[in-house]
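Colleague: I'd like to ask you about the structure that follows.
The values are calculated or read from the model by the stated rules, or taken from the named source; none is laboratory data. Remember, predicted model here, so these are calculated numbers, not experimental data. Note that we place each Cβ from the backbone using ideal geometry, even for glycine, and neighbour counts take in every protein chain shown.
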Amino acid sequence: MTTSRSQTPPPATTTAAFHLQAVASFAISLAAVTIAIIYLPADPWIRAFLAIGVLYVTTSAFTLATCIRDKQEPSTVASRVDQARLDKLLAGHDPFTSVA
């Protein structure tokens, strides 16, 4: 009897180029919004309100990303440990040995 087991590939790691692109994209977008708020033809109170809103959205995005990462890490580690235990069990099993 053949047992089929699903092998989950290890999580993909990001490359340095992807990391650089993400950082550059974030910096450019934040700079563009900041410049737009500075040159907005409105009262200083309105610009200050928009600036506070942009800062709040930015910090909330970082917090959300951190929470999602923290929630996914334990399940990833647990599944890798379970997979390693299964691999060890299957490696030690010889189907041709007699049970006596």
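Colleague: Here are Ser98, Ser25, Ser75: which of them is part of a loop (DSSP other than H, G, I, E, B) and either without any contact (Cβ under 8 Å) to a residue 40 or more places away in the chain or surrounded by 11 or more Cβ atoms within 10 Å (Cβ to Cβ) (or both)? Quick ask: steps written out before the conclusion?
Modeller: Numbers: Ser25 fails: part of a loop (DSSP other than H, G, I, E, B); Ser75 fails: part of a loop (DSSP other than H, G, I, E, B).
Testing whether each residue is part of a loop (DSSP other than H, G, I, E, B) and either without any contact (Cβ under 8 Å) to a residue 40 or more places away in the chain or surrounded by 11 or more Cβ atoms within 10 Å (Cβ to Cβ) (or both) leaves just Ser98.
Colleague: Among the residues of region 1-51, what is the count of those that are within 30 Å of Pro95 (Cα to Cα) and at pLDDT 95 or above? Talk me through it step by step, then tell me what you get.
Modeller: Step one: list which residues in region 1-51 are within 30 Å of Pro95 (Cα to Cα), which gives 1-10.
Filter again for at pLDDT 95 or above, leaving none.
Final tally of qualifying residues: 0.
Colleague: With the requirement that a residue be assigned to a helix (DSSP H, G or I), in contact with a helix residue (DSSP H, G or I) (Cβ under 8 Å, 6 or more places away or on another chain) and among the aliphatic types (A, V, I, L, M), what does region 28-67 give you? Talk me through it step by step, then tell me what you get.
Modeller: Narrowing region 28-67 to residues assigned to a helix (DSSP H, G or I): 28-38, 44-67.
Now drop any that are not in contact with a helix residue (DSSP H, G or I) (Cβ under 8 Å, 6 or more places away or on another chain), which leaves 30, 33-34, 37-38, 47, 50-51, 54, 58.
Residues satisfying the conditions are Leu30, Val33, Ile37, Ile38, Leu50, Ala51, Val54.
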